[in-house]
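The values are calculated or read from the model by the stated rules, or taken from the named source; none is laboratory data. Since the model is a prediction, treat every value here as computed from it, not as a measurement. All Cβ positions, even for glycine, are placed from backbone atoms using ideal geometry, and neighbour counts span all protein chains on display. For the accessible areas, the whole protein counts, side chains as well, though only heavy atoms, and no ligand, DNA or RNA atoms are used. Shrake-Rupley method; radii C 1.70, N 1.55, O 1.52, S 1.80 Å.
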Amino acid sequence: MRYGNREIESIILFFDQTIILYTSIINALIVGIIIIIRKWYNRKGICNQYIYHIKIEVIWTILPIIFLIVIVLHSVTVIYNLEINKGTNNKYINVIGNQWYWIYNNIESRISSLGRIILVDQPLFIKANNNTHLIISSLDVIHSFALPTLGIKVDAIPGRINNISINGLTQGLYVGYCSELCGSGHAFMPINLIVY
């Protein structure tokens, strides 16, 4: 599956491949150790050899440490890449949540009158392969700016500014919704992001 954001693709690839591989290896080692201990227990009645076995203690201490180091290094790399792009943004867009529509740089984006709940009259336009910084807030109640295909979900809270950098998007239409229950018109706050 192809996502629009390179960082999100990197995170998904990491969890899809690396975590599953390491989890399978650790599970195999645990099952192997249980089988060995059970054989010794059945043979001798008690497993004295494995009560203070230094090699096994070192192995089941070092393997999880290596696993955690790999996860931390990958996470730090992804966070660093997300943060380093904040200073190189070409465009800043103010996104303000309001009951029950979005405002992008003082342009109101309301649900379209075409009868479809997913379309708006004024979508958010972003250039492809362009670093864009979204500054997200709210005027009245808590909203949530969510584009699931891009892995974006940022709360819009009155009196507070949240932000996110978007880069490396592929061309297309991305549809999202307000994902925070914000009143009776909550279902009528779609988000249309068009990357051109």
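Across the stretch 94-127, what is the total count of residues that are outside any loop (DSSP other than H, G, I, E, B) and of a type outside the set (Asp, Glu)?
Qualifying residue count for the region: 16.
Here's the yes/no breakdown for (1) at pLDDT below 80; (2) under 30 Å from residue 158 (Cβ atoms); (3) not aliphatic (A, V, I, L, M):
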{"position": "30", "(1), (2), (3)": "no, no, no"}
{"position": "40", "(1), (2), (3)": "yes, no, yes"}
{"position": "43", "(1), (2), (3)": "yes, no, yes"}
{"position": "101", "(1), (2), (3)": "no, yes, yes"}
{"position": "113", "(1), (2), (3)": "yes, yes, yes"}
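Test residue 192 against the criterion of being among the polar types (S, T, N, Q), touching a residue at least 12 places away in the same chain (Cβ under 8 Å) and open to solvent by 10 Å² or more (accessible area, probe 1.4 Å), and give yes or no. Don't jump to the end; show me each part of the working.
On the way: among the polar types (S, T, N, Q): yes; touching a residue at least 12 places away in the same chain (Cβ under 8 Å): yes; open to solvent by 10 Å² or more (accessible area, probe 1.4 Å): no.
It is false that residue 192 is among the polar types (S, T, N, Q), touching a residue at least 12 places away in the same chain (Cβ under 8 Å) and open to solvent by 10 Å² or more (accessible area, probe 1.4 Å).
When both residues are 6+ apart or on different chains and their Cβ atoms are under 6 Å apart, which pairs have a first residue that lies in the stretch 65-80 and is farther than 27 Å from residue 164 by Cα and aromatic (Phe, Trp, Tyr), and a second that is at pLDDT below 80 and surrounded by 13 or more Cβ atoms within 10 Å (Cβ to Cβ)?
The qualifying pairs are 67/22.
In the stretch 146-159, how many residues are open to solvent by 30 Å² or more (accessible area, probe 1.4 Å), under 22 Å from residue 107 (Cβ atoms) and either assigned to a helix (DSSP H, G or I) or without any contact (Cβ under 8 Å) to a residue 24 or more places away in the chain (or both)? Full working, then the answer.
Keep residues of the stretch 146-159 that are open to solvent by 30 Å² or more (accessible area, probe 1.4 Å), which gives 148-149, 151, 153, 155, 157-159.
Filter once more, keeping what is under 22 Å from residue 107 (Cβ atoms): 155, 157-158.
Those still in the list that are either assigned to a helix (DSSP H, G or I) or without any contact (Cβ under 8 Å) to a residue 24 or more places away in the chain (or both) too: 157-158.
Residues that pass the stated criteria total 2.
Under the condition of being open to solvent by less than 40 Å² (accessible area, probe 1.4 Å) and either over 16 Å from the mean Cα position of the chain (by Cα) or small (Gly, Ala, Ser) (or both), which residue from the stretch 163-173 is modelled with the highest pLDDT?
Here the answer is 172.
Quick one: residue 130 ticks every box in (1) open to solvent by 30 Å² or more (accessible area, probe 1.4 Å); (2) farther than 14 Å from residue 178 by Cβ; (3) not in a strand (DSSP E or B) except a single one, so which number is it?
(1)
Looking only at residues in the stretch 174-189 that are among the aliphatic types (A, V, I, L, M) and assigned to a loop (DSSP other than H, G, I, E, B), which one is surrounded by the most Cβ atoms within 10 Å (Cβ to Cβ)?
Among those residues, the one meeting the criterion is 189.
Residues being modelled with pLDDT under 75, open to solvent by 80 Å² or more (accessible area, probe 1.4 Å) and assigned to a helix (DSSP H, G or I): count how many of those fall in the stretch 45-73.
Qualifying residue count for the region: 2.
Can you say whether residue 183 is over 29 Å from residue 9 (Cα atoms) and either within 20 Å of the chain's Cα centre (by Cα) or not assigned by the TED database to the domain that holds residue 13 (or both), as far as the supplied structure shows? Break it down into steps so the answer makes sense when it comes.
Working: over 29 Å from residue 9 (Cα atoms): yes; either within 20 Å of the chain's Cα centre (by Cα) or not assigned by the TED database to the domain that holds residue 13 (or both): yes.
Considered against the rule, which asks whether it is over 29 Å from residue 9 (Cα atoms) and either within 20 Å of the chain's Cα centre (by Cα) or not assigned by the TED database to the domain that holds residue 13 (or both), residue 183 comes out as yes.
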